Amino acid sequence: MRFEELLEQVGGFGPFQLCNVALLALPRVLLPMHFLLPVFLAAVPAHRCALPGAPSNFSHQDAWLEAHLPREPDGTLSSCLYFTHSQALPNTTFWGADQSPGQLEGEPSTAPCPQGWDYDRSEFSSTIVTEWDLVCEQKGLNKATSTFFFAGVLVGAVAFGYLSDRFGRRRLLLVAYVSSLVLGLASAASVSYIMFVITRTLTGAALAGFTIIVMPLEMEWLDVGHRTVAGVLSGTFWTVGVMLLALVGYLIRDWRWLLLAVTLPCAPGILSLWWVPESARWLLTQGRVEEAHRYLLRCARLNGQLVGEDGLSREALNKVATRERVVQRPSYLDLFRTPRLRHISLCCMVMWFGVNFSYYGLSLDVSGLGLNVYQTQLLFGAVELPSKLLVYLLVRHMGRRLTQAGMLLGTALALGISLLVPSEMGTGSIALAVIGKGFSEAAFTTAYLFTSELYPTVLRQTGMGLTSLVGRLGGSLAPLAALLDGVWLSLPKLTYGGIALLAACTALLLPETRQAQLPETIQDVERSAPSSLQEEETPMKQVQD
């Protein structure tokens, strides 16, 4: 007997499953609010050297500034240098327009800002940039905060993936909630850049628990026919978080209060775990039959299924538990011991790296579109709604594999075409950026659904942890890749698009999982393998809708 047969008795989709999805909505909303928080938290306002006697109003057109600040080669007043001796003429420039090459030795002397910077606070009252002067020579430290955060998510994905397969989904979800709350509060109270980086890195590790526990915990209570609906619905909560971040960022302009606003909702999340059920699939793989029986009866009662105490006999549950029981504790090495799982794991690692690298490369770059940061964030969030609908339709009719590859290919094409569009075409640039963001979000949504269906129950969290680890490596490198514009302005987009194209090709090597029962043991995965890994006619045992 398989777990699907038990689930059919108690109801594979009903009020119980909808309640579970609703209870697990909060982590999905909070994740983008933390992951995309650097858009506001680490925003770089206009700035210039703090000089004695500077006018109170912040304007680069003021004649006083013309006499004290040199110009960069692009004609803008320098944000990092000042004239050591003020110039008598307001049109004096760093690269004097009226100077001939023979006059360069008479060029006015400049130096780095000696007394810090003055910031334009019309848009942000405070960010970590203004708090610790992360500009000019220190601008790399600003980008590094996102890299350290995603490095924490990377490490946390490994830990939570392994531990939740050993100790259960629900217990580790509580750990994720509590540690996210405590570390988020500590980050908001940071008194130095070092303290902030350390606490944000640890917060990223804690939030990783949400990324790899929530989706499998939902999927393991659903029948085959409704996994797609629930997966897309769950992904919609991420979109709500992206749009909500734009609103919260607009209302709260101080970085400390903003960080508190996206952290404090963890408190009610801790209370909500009282009603979140443990995965009965996982309990049976651990031989914990009585607990699984209790949750299955609760599911049947809420779904209105007439199942008495003897309807789900202990004998039937023991048969399922015996079939699925884990002989050895799961480990990451198990993902590579057998040919089929090794193939799946390697392909998923490449795919997840490309999905994260391109998604965060697009999401964290909200400049250069002719819109303010709030409008851009709201627009990037709004485009995710039709992306979810597109995923829902495509995965049901085209399957997971082609949808995943198609969305990544769309991301790569949008980035590639944007390189050919002149920067003067503001509308065209905005449209391509939004389209690319939509495709990248669709690829992200599909990746969670697709990957959770590829791994067996006994290794599902471990597999999600591994792929999330590699994915977060891509996310941590995405902010640093933006610094490649110092080498060539188009190099960051070219890099994002190239990696997305590679991930699209790799996704085509994975087996299709549409209408397939979730594999429960390693043997299920290996038995489902066709004679050749390239043959995908029947990747797993097929069932009817």
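Charge tally around Ala186: other residues with Cβ under 13 Å, Lys/Arg +1 each, Asp/Glu -1 each, net +2. Going 7 Å from the Cα of Ile270 toward and past its Cβ, which residues in the range 158-185 have a backbone nitrogen under 12 Å from where you end up? In the range 158-185, the label zone of Ile270 (backbone N under 12 Å from the point 7 Å along Cα→Cβ) covers 174-185. Relative to the globular-protein estimate of 2.2 N^0.38 Å, the Cα radius of gyration of the range 334-515 stands at 1.04. Expressed as a whole percent, the accessible surface of the chain that belongs to carbon and sulfur atoms is 64, based on a 1.4 Å probe.
Each helix, a run of at least 4 DSSP H residues, gives -39500 (n - 2.57); summed and divided by the residues of the chain, these come to -20000 deg cm²/dmol at 222 nm. Remark: the Arg170-Ala22 segment gains 51.8 nm on full extension, using 0.36 nm per residue and subtracting the alpha carbon distance. Computed with a 1.4 Å probe over protein heavy atoms only, the accessible surface of the chain comes to 41 Å² per residue. Spin-label pair Arg256-Glu291: with each label point 7 Å from Cα along the Cα-Cβ axis, the two points sit 4.2 nm from one another.
Take every DSSP beta bridge whose two residues both sit in the chain; close to 90 percent of them are antiparallel.
Model label points for Leu371 and Leu247, set 7 angstrom from Cα along the Cα-to-Cβ axis, are 1.7 nm apart. Computed from the C-beta positions of Leu483 and Thr322, the FRET efficiency with R₀ = 56 Å rounds to 0.50. Among the GluC sites (Glu not before Pro) in the range 115-212, those placed in a DSSP loop whose Cβ has at most 16 other Cβ atoms within 10 Å are Glu123. Summarising the label geometry, the points placed 7 Å from Cα in the beta-carbon direction at Arg298 and Leu393 lie 3.9 nm from one another. Considering only Thr495, Phe124, Ala447, and ranking their Cα positions along the charge dipole of the chain that arises from unit charges at the beta-carbon of Lys, Arg, Asp and Glu, the one farthest toward the positive end is Ala447.
Share of Cα-Cα pairs in the chain beyond 36 Å, in percent? Cα-Cα pairs of the chain separated by over 36 Å account for 38 percent. With K and R counted +1 and D and E -1, the other residues having a Cβ less than 14 Å from that of Ser476 yield a net charge of +3.
Of the GluC sites (Glu not before Pro) in the range 231-312, the ones in a loop by DSSP (not H, G, I, E or B) with at most 12 other beta carbons within 10 Å are Glu309. Need the list of lysines near Lys437 for cross-linking: C-alpha distance under 27 angstrom, and skip anything on the same chain fewer than eight residues off. Result set, ordered by chain and number: Lys139, Lys143, Lys388, Lys493.
The values are calculated or read from the model by the stated rules, or taken from the named source; none is laboratory data. Because the structure is a prediction, the values reported are computed rather than measured. All Cβ positions, glycine included, derive from the backbone under ideal geometry; neighbour counts span all protein chains shown. The accessibility values were calculated without ligands, DNA or RNA, using every heavy atom of the protein model including side chains. Shrake-Rupley method; radii C 1.70, N 1.55, O 1.52, S 1.80 Å.
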